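The numbers here are math on the coordinates, done by the rules we state, and not lab data. As the structure is a prediction and not an experimental result, all values here were calculated from the model. Reconstructed Cβ throughout: ideal geometry from the backbone, glycine too, with neighbour counts over all protein chains shown.
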Amino acid sequence: MLRGRAFKFGDSISTDHIIPGRYAHLRSNLPELAKHVLEDADPSFVSKVKKGDFIVAGSNFGLGSSREHAPLVIKMAGVSAILARSVARIFFRNAINLGLPVLICDTDHIDDGDELEVDLAEGTVKDLTNGRELTFGRIPEVMLRILDEGGLISYIQKHGDFKL
């Protein structure tokens, strides 16, 4: 069970919004790069986000170049999951591989600051602020196992190859 506050963003948040290109030189210093997560979309995001909080977005989250660092620094900033109406395919796969859940659901009725509770196994989001409950469909078992281990590399190091 995950619990935290919602940080609401709109549609088409690109990997360049997540990690602005002007900070590309920090790719070898991920803790420093994480201090600039989403600063072009919300300059105060990093100073407000707490461990366990959620990014809630509209359509096409994570579009753009395949920057594996984008989901990684989101996770390093403390975000426990991303909820969005839709997500770029490569961003989705990178996030899962790095142990960051990405949940596809109707985010229209979640407001900035709402307190959310997410059950990954059941596929539900409870908005504790407004009382609404959403579903995002069940995450395949293999993806749940990858997320439980903190990402694909950790999973393989612990279990070897996939056991489906």
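Scanning the stretch 7-17 for residues that are under 25 Å from L144 (Cα atoms), charged (D, E, K, R) and touching a residue at least 60 places away in the same chain (Cβ under 8 Å) turns up at least one hit.
Looking at the stretch 130-164, which of its residues are assigned to a strand (DSSP E or B) and either free of Cβ contacts under 8 Å to residues at least 12 places away in the same chain or not hydrophobic (A, V, I, L, M, F, W, C) (or both)? Please lay out each step first, then the result.
Pass one, the stretch 130-164, residues assigned to a strand (DSSP E or B): 133-135.
Listed by number, the residues that qualify are E133, T135.
How many residues does the stretch 13-52 contain that are touching a Ser or Thr at 6+ places or on another chain (Cβ under 7 Å) and assigned to a loop (DSSP other than H, G, I, E, B)? Before the answer, list the steps.
Step one: list which residues in the stretch 13-52 are touching a Ser or Thr at 6+ places or on another chain (Cβ under 7 Å), which gives 15, 52.
Those left that are additionally assigned to a loop (DSSP other than H, G, I, E, B): 52.
Number of matching residues: 1.
Taken together, I96, I110, I74 contain a single residue that is crowded, with 19+ Cβ neighbours inside 10 Å, not basic (K, R) and not in a helix (DSSP H, G or I), which is I110. Taking (1) over 14 Å from the mean Cα position of the chain (by Cα); (2) under 19 Å from G10 (Cα atoms); (3) of a type in the set (K, R) in turn, R85 satisfies each apart from (1).
Within the stretch 51-105, the only residue that satisfies the criterion of being of a type in the set (D, E) and touching a residue at least 40 places away in the same chain (Cβ under 8 Å) is D53. Residues that are of a type in the set (K, R) and under 20 Å from V49 (Cα atoms) within the stretch 8-25 comprise just one, K8.
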